[in-house]
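**Q** Starting off with a structure, shown below.
The values are calculated or read from the model by the stated rules, or taken from the named source; none is laboratory data. Bear in mind that the values here come from a model prediction, so they are computed numbers and not experimental data. In this analysis, Cβ positions are derived from the backbone assuming ideal geometry, glycine residues included, and neighbour counts consider all displayed protein chains.
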Amino acid sequence: MADTMRILSRDAFAEVLREAQQRARELDPSRWPLLRQVDAQLEFMARTTADGRVPYPEERARTTVGPLAARELESIDPEFADQLEELDYTFHRYPLLPKGPPLRRRGILQVWTGRDAFRKLILEHGEPRTVGTARADFVVHADAAGSPQFQIVWDGVCAHVRAHDPHQLTIDGAPGWYGELANRGWVKAGATTFRFLVEDRTPPRSPAAPTPASAAALEQLRRRRDAGDLYAVIDAARSDRALVLLDESVDPHASLYDGEPGRALDDVAPYLVQFRRDSGLLDRLVTEGWGDAWGIFLESSAEFEAVRRHLRQFLVVKGEGQSRRLFFRFYDPRVMRTTAEVLTAEQRAELLQDLGCILYEDEDGGLRELR
């Protein structure tokens, strides 16, 4: 199979399948029994994926055109053999292929438990990466006496994991030394659990179109992101979709809540995210969420953990003249509008320490700035 895969979506599968069927006909299946077998299997693939149909598991298990091509055609017609191997590989994993045109989405291995929770390893197509407690590309829960625990490779369709001796893995609940991970699959190595995600894999329930207000805000926010200093605090309690977008992004993000009690609130927590220039997350958040109070934006040249520590100070505050401490939803733009009007100079300075400014939606959908 070719080093770089073409079949990254169902549309691409259909296109490569048509090319392979045409090539098989050009070679004239009537003159060679092997080609007749290949042609029949390609026709079976076309029939079982026609009109958006997803083949049943028993149907996907029936094709053997990949091994046939590797054994019989590699030396005669390597390009055709690569096509057939890729078709067979992706047909067996057809439900993992997204609809629409092929996009080179990156893979994301996210630490899910322990003190390194939410850290991400970004996986490019075909690049093996090692993960472990020491001497690995991605060191998690560092231990001087540790070692690499497993290797992971993302091929654009699924991620392949293989344990490093003497470690054993748990892959989607099953113990083993190697296996595959689809979007939102998980693997446990030692005491650490990891989630695997695919960049921008889950589409919105209905297409999202920009409004004049969101387009204007996005234009301003993109300039700030491209300067490298743009963060946001996104409120998962406002929308399930917002958390999906954060999870399926290459941008660093983490809950502002700490510890096991905080993890119990993952579904409704506020999340700090630092935007990368090479990510489409900012566009998706603004296009889909502008006007629905998903969160606020921040400018800061400080490191991620420093910004997170600073913001955590304001999650709970004491009201003036009150003994009880109160939750402060400063990351809700509606709350920020009111707060900005009553802050004293001292309070403003305290809130904006290490921050260049806070940006949030106003009542008319514009982008307001607190400096």
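**Q** Could you grab the pairs with beta carbons closer than 6 Å, sequence gap of 6+ or different chains, first residue in segment 262-279 and assigned by TED's automatic domain parsing to the domain that holds Val250, second one charged (D, E, K, R) and in a loop (DSSP other than H, G, I, E, B)?
**A** Val273/Asp251; Phe275/Asp251; Arg276/Asp251; Ser279/Asp251
**Q** Further, regarding this structure: Might you let me know whether segment 176-186 holds any residue that is under 30 Å from Asp39 (Cα atoms), within 23 Å of the chain's Cα centre (by Cα) and in a loop (DSSP other than H, G, I, E, B)?
**A** yes
**Q** Still on this structure, I have one more. Any residue in segment 183-190 that is crowded, with 19+ Cβ neighbours inside 10 Å, within 27 Å of Glu288 (Cβ to Cβ) and of a type in the set (D, E, K, R)?
**A** The answer is no; no qualifying residue exists.
**Q** Does segment 105-141 hold any residues that are of a type in the set (Gly, Ala, Ser) and over 10 Å from Val153 (Cα atoms), and which are they? Walk me through it before giving the result.
**A** First, pick out the residues of segment 105-141 that are of a type in the set (Gly, Ala, Ser): 107, 114, 117, 126, 132, 134, 136.
Selection gives Gly114, Ala117, Gly132, Ala134, Ala136.
One line per residue, one yes/no per condition, for (1) part of a strand (DSSP E or B); (2) among the basic types (Lys, Arg); (3) at pLDDT 95 or above; (4) outside the structural domain of Arg276 (by TED's automatic domain parsing):
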| position | (1), (2), (3), (4) |
| --- | --- |
| Arg47 | no, yes, yes, yes |
| Pro67 | no, no, no, yes |
| Ser75 | no, no, no, yes |
| Phe80 | no, no, no, yes |
| Asp88 | no, no, yes, yes |
| Phe91 | no, no, yes, yes |
| Gly114 | no, no, no, yes |
| Ala144 | no, no, no, yes |
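**Q** While we're here: For segment 19-66, enumerate the residues that are of a type in the set (A, V, I, L, M), in contact with an Asp or Glu (Cβ under 9 Å, 6 or more places away or on another chain) and more than 16 Å from Glu85 (Cα to Cα).
**A** Residue satisfying the conditions is Leu27 alone.
**Q** Given the options Ala264, Ala254, name the one that is modelled with pLDDT of 95 or more and either within 13 Å of Asp235 (Cβ to Cβ) or not β-branched (Val, Ile, Thr) (or both). Steps first, please.
**A** Working: Ala264 fails: modelled with pLDDT of 95 or more.
Of the residues listed, the single one that is modelled with pLDDT of 95 or more and either within 13 Å of Asp235 (Cβ to Cβ) or not β-branched (Val, Ile, Thr) (or both) is Ala254.
**Q** Output the residues belonging to segment 120-142 that are more than 15 Å from Lys188 (Cα to Cα) and assigned to a loop (DSSP other than H, G, I, E, B).
**A** Passing the criteria: Glu124, Gly126, Glu127, Pro128, Ala134, Arg135, Ala136, Asp137, Ala142.
**Q** What number of residues in segment 33-58 are under 20 Å from Ala12 (Cα atoms) and buried (at least 16 other Cβ atoms within 10 Å of the Cβ)?
**A** Of the residues in that region, 9 qualify.
**Q** Take Arg93 and tell me if it is touching a Cys at 6+ places or on another chain (Cβ under 7 Å) and not hydrophobic (A, V, I, L, M, F, W, C). Spell out how you get there, then give the answer.
**A** On the way: touching a Cys at 6+ places or on another chain (Cβ under 7 Å): yes; not hydrophobic (A, V, I, L, M, F, W, C): yes.
Here the answer is yes, as Arg93 does meet what is asked.
**Q** Output the number of residues of segment 297-318 satisfying the condition of being touching an Asp or Glu at 6+ places or on another chain (Cβ under 6 Å) and either exposed (fewer than 14 other Cβ atoms within 10 Å of the Cβ) or not assigned by TED's automatic domain parsing to the domain that holds Pro333 (or both).
**A** Count: 1.
**Q** Related question: Please tell me if Phe314 is touching a residue at least 24 places away in the same chain (Cβ under 8 Å), more than 20 Å from Leu281 (Cβ to Cβ) and not in a helix (DSSP H, G or I).
**A** Numbers: touching a residue at least 24 places away in the same chain (Cβ under 8 Å): yes; more than 20 Å from Leu281 (Cβ to Cβ): yes; not in a helix (DSSP H, G or I): yes.
Yes.
**Q** Which number in (1) part of a loop (DSSP other than H, G, I, E, B); (2) more than 30 Å from Asp364 (Cα to Cα); (3) of a type in the set (D, E, K, R); (4) in contact (Cβ under 8 Å) with a residue 60 or more places away in the chain marks the one condition that Arg195 misses?
**A** (1)
**Q** Select from segment 99-152 the residues that are acidic (Asp, Glu) and free of Cβ contacts under 8 Å to residues at least 12 places away in the same chain and list them in ascending order.
**A** So in segment 99-152, the residues acidic (Asp, Glu) come out as 116, 124, 127, 137, 143.
Hit for segment 99-152 is Asp143, nothing else.
**Q** For segment 20-45, enumerate the residues that are more than 15 Å from Ala69 (Cα to Cα) and in a helix (DSSP H, G or I). Walk me through how you get there before you give the answer.
**A** The first filter runs over segment 20-45 and keeps only residues more than 15 Å from Ala69 (Cα to Cα), leaving 22, 25-26, 28, 30-31, 43-45.
Passing the criteria: Gln22, Arg25, Glu26, Ser30, Arg31, Glu43, Phe44, Met45.
**Q** Hey, another quick one. Which members of segment 146-173 meet the condition of being in a loop (DSSP other than H, G, I, E, B), farther than 28 Å from Phe91 by Cβ and in contact with a strand residue (DSSP E or B) (Cβ under 7 Å, 6 or more places away or on another chain)? Walk me through how you get there before you give the answer.
**A** Filtering segment 146-173 for residues in a loop (DSSP other than H, G, I, E, B) gives 146-147, 155-158, 164-168, 172-173.
Those left that are additionally farther than 28 Å from Phe91 by Cβ: 146-147, 164-168.
Scanning segment 146-173 gives Gly146, Ser147, His164, His167, Gln168.
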